[in-house]
Amino acid sequence: MSDAGSRTVDRRSFLARSGAVLGAAAWLAGCDDAPEQSTALATADDATFDPTDWASVRSQFDLRPDVVHLAAFVLASHPRAVRAAIAQHAAGLDEDANGYLSANEVALEDEVRSAAARYMGADASAIALTDSTTMGLAMLYGGLELKGGEEILATTHDFYSTHESIRLRCVRNGDSWRKIELFRDSSTASVDEIVTNVVEGVRPETRALAVTWVHSSTGMKLPLRAIADALGEINDARDEDERVLLCVDGVHGFGNQNVSPAELGCDFLVSGCHKWLFGPRGTGLIWGQARAWRRVVPTIPAFAPNGIMAWIEGQEEGPANLTPSLDQTPGGFHSFENRWALKEAFDFHLAIGRDRVEERTQELAQRLKGSLSEFPSVRLVTPMDDELSAGIVCFDIPGLQAPEVLTQLMARNISVSVTPYAQQCVRMGPSIVTSDEDIDNTVGALADIV
Ligand SMILES: Cc1ncc(COP(=O)(O)O)c(C=O)c1O
């Protein structure tokens, strides 16, 4: 297979023998005789949907109407258009999985990346698709190239998924990592305090800073732009492969904040799409700057055309001309009905408007925080300032365990969560499925408890 012509013939004959086995129609992309791709999707009945009306937005969900959903961000419920797309793809796969996959996989995955790119204000080639935030973090920290003596710097505020991804990587490779505290008290923290701690924490051997955009422990939203600017000054004096990469678990800002990853200044933004975006369960992505992707070796084999062809052709060194979006997207078969319906989740948010979603989320969170701060017995953990907070609102009640408050609120049909950290708080997340009345009812229920 020394020339392009014979390679095409060999691809075709290989396909004829085993196309269904390899499945990944992605690799049909290089073939002239790929089946025509059908991208026609049944659209949800949109006639009554008014994206400018919050009650209409809420009516797109099948959420129980007698419950106040303040933990909807934990695992998404799907709006109508997403449910319809999942059902359509599932039906196509159930009728003829091989045929549906061959006819649609390339186009549908491209459409998902394009929709994600439109939503994020980013280039589709920078986006790898994953199944969750946790998977993305494990791929990123597991695949980051470090030379002997270089380290990853994390913070004490990150979630288990970040810490454990880094710890496991270090166990495998013998690398080192540290954690620094960015602030003493989330409710009084300042941008200056956070940025100063970052700058003081970075050492000459630090190659990546692992942070979390919106902390699920406190609701603190990190001032990423200010952190990126401070790192930029450190990086200006460094060679390219010694730059400190700003790696962000973005899951609790993604879907409620109106800012692109480039504006935030990150090198990597990792997120699930099944929380604030209300995308299909089991979906996520990694966005990365091209120069940053070059420092990550994929962990899971991609089913990208160049990868499989390189393997078939016996190229020991693997594929050339890597495109992060394809080569960092894990291969293997997926719950494709969910992955492909992710496009509808991005479209749904764009129809409402990213700016309006952010405004609404901040407004509801402010309403809730304002009321909570009037309870003498409630200690608000989340900053009041919009600059340092998003949709997550955490608080505790001295003398009452957080799980006890949760039980009592749940008994009143107020669905909340408790932070899964050593320090437990009650956690609420007003979102696009929440109304002003929901907030007021929640505050009323809390008044019964405290
Ligand atoms: C900050 C943070 N990152 C990651 C996760 C896990 O997200 P996923 O389920 O998408 O892996 C969570 C909670 O579920 C979280 O709070």
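The values are calculated or read from the model by the stated rules, or taken from the named source; none is laboratory data. Since this is a predicted model, take the numbers as computed values, not measurements. Note: ideal-geometry Cβ built from the backbone for every residue, glycine included; neighbour counts use all protein chains shown. We work out accessible area using only protein heavy atoms, side chains counted, and drop any ligands, DNA or RNA first. Shrake-Rupley method; radii C 1.70, N 1.55, O 1.52, S 1.80 Å.
Need the failing condition index for CYS247 against (1) within 19 Å of TRP293 (Cβ to Cβ); (2) open to solvent by 10 Å² or more (accessible area, probe 1.4 Å); (3) within 16 Å of the ligand (Cβ to nearest atom); (4) not hydroxyl-bearing (Ser, Thr, Tyr), just the number.
Going through (1) within 19 Å of TRP293 (Cβ to Cβ); (2) open to solvent by 10 Å² or more (accessible area, probe 1.4 Å); (3) within 16 Å of the ligand (Cβ to nearest atom); (4) not hydroxyl-bearing (Ser, Thr, Tyr) one by one, CYS247 breaks only (2).
Quick one: is ALA310 of a type in the set (A, V, I, L, M), free of Cβ contacts under 8 Å to residues at least 60 places away in the same chain, farther than 23 Å from ARG169 by Cβ and in contact with a Gly (Cβ under 6 Å, 6 or more places away or on another chain)?
Spelling it out, ALA310 is indeed of a type in the set (A, V, I, L, M), free of Cβ contacts under 8 Å to residues at least 60 places away in the same chain, farther than 23 Å from ARG169 by Cβ and in contact with a Gly (Cβ under 6 Å, 6 or more places away or on another chain).
Would you check which residues across segment 328-343 are crowded, with 22+ Cβ neighbours inside 10 Å and farther than 15 Å from GLY272 by Cα and list them?
The answer is GLN328, and nothing else.
Would you check which residues across segment 221-250 are closer than 23 Å to ALA76 by Cβ and either in contact with a Cys (Cβ under 9 Å, 6 or more places away or on another chain) or free of Cβ contacts under 8 Å to residues at least 12 places away in the same chain (or both) and list them?
Within segment 221-250, VAL248, GLY250 meet the criteria.
Can you find a residue that is under 23 Å from GLY332 (Cβ atoms), at pLDDT 95 or above and within 16 Å of the ligand (Cβ to nearest atom) anywhere in segment 87-104?
no
Please go through segment 41-86 and pick out each residue that is within 17 Å of GLY279 (Cα to Cα), at pLDDT 95 or above and hydroxyl-bearing (Ser, Thr, Tyr).
SER59, SER77
Can you confirm whether segment 403-415 contains a residue that is under 30 Å from ASP53 (Cα atoms), buried (at least 21 other Cβ atoms within 10 Å of the Cβ) and modelled with pLDDT of 95 or more?
Yes, segment 403-415 has at least one match.
Out of segment 262-277, which residues are more than 13 Å from the ligand (Cβ to nearest atom) and either surrounded by 24 or more Cβ atoms within 10 Å (Cβ to Cβ) or in a loop (DSSP other than H, G, I, E, B) (or both)?
Within segment 262-277, GLY265, CYS266, ASP267, PHE268 qualify.
In segment 385-402, what count of residues is obtained for those that are without any contact (Cβ under 8 Å) to a residue 40 or more places away in the chain and open to solvent by 50 Å² or more (accessible area, probe 1.4 Å)?
Residues flagged as without any contact (Cβ under 8 Å) to a residue 40 or more places away in the chain and open to solvent by 50 Å² or more (accessible area, probe 1.4 Å) within segment 385-402 amount to 5.
Can you tell me how many residues within segment 146-160 are out of contact with any Lys or Arg (no Cβ under 6 Å at 6 or more places or on another chain), open to solvent by 10 Å² or more (accessible area, probe 1.4 Å) and within 16 Å of the ligand (Cβ to nearest atom)?
3
In this structure, does LEU140 turn out to be under 20 Å from GLU387 (Cα atoms), crowded, with 20+ Cβ neighbours inside 10 Å and touching a Phe, Trp or Tyr at 6+ places or on another chain (Cβ under 9 Å)?
Criteria not met by LEU140.
Just to verify a result, which residue in segment 160-191, among those that are closer than 18 Å to LEU246 by Cβ and in a helix (DSSP H, G or I), is farthest from the chain's Cα centre (by Cα)?
If we take residues in segment 160-191 being closer than 18 Å to LEU246 by Cβ and in a helix (DSSP H, G or I), then VAL191 is farthest from the chain's Cα centre (by Cα).
Could you list, ordered by first residue, the pairs with Cβ atoms under 6 Å in which the first is in segment 159-178 and modelled with pLDDT of 95 or more and the second is within 16 Å of the ligand (Cβ to nearest atom) and acidic (Asp, Glu), at least 6 apart or interchain?
Between residues of segment 159-178 that are modelled with pLDDT of 95 or more and residues that are within 16 Å of the ligand (Cβ to nearest atom) and acidic (Asp, Glu), the close pairs are THR162/ASP249.
How about segment 375-384: which of its residues are within 19 Å of GLU358 (Cβ to Cβ) and open to solvent by 10 Å² or more (accessible area, probe 1.4 Å)?
MET384
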